[in-house]
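Reviewing the structure listed below.
Just so it is clear, none of the values below were taken in a lab; they were calculated from the coordinates. These figures come from a predicted structure and were not determined experimentally.
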Amino acid sequence: MNSEEYLNTRAKLCQIICQINQLANYVGKGRDDLDHSILCQTEGILRRITKDQSKAIRILGEKIRNSFTNFRQLLKKYDKNIEMVDPQLKNNADLV
């Protein structure tokens with residue numbers, strides 16, 4: 001897979017994550033407006049900024065990147081056994 005294909009696939013995954021987030025958050029706080037560009041911009045910032053320049057920005061960027069990575073790992077876990085997912089998405093602590 002070349003880098004363009006990878007970025008397109010990752011953008012589609014981000015779109016799906018946003019949709020799941022909106023559906024799984026049953027109290028109306030789910031967001032579907034945080035798209036792939038946020039992840040790309042975060043990665044760019046993390047490459048340019050040192051820990052000494054701005055700890056707050058670095059921490060926020062790492063949280064964004066880690067959230068995406070953790071969700072990918074969660075999807076891999078569910079891929080092995082989809083029966084683990086409660087049809088009522090709000091009942092899945094990992095998804096909410």
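Amide H contacts of Leu95: none lie under 5 Å away among residues 5 or more positions distant or on a separate chain (H built 1.01 Å from N in the peptide plane; Pro and chain starts excluded). Relative to its residue count, region 3-79 spans a Cα convex hull of 106 Å³ per residue. Ignoring aspartates and glutamates fewer than eight residues from Lys12 along the same chain, the ones with Cα atoms less than 14 angstrom from its Cα are Glu4, Asp32, Asp33, Asp35.
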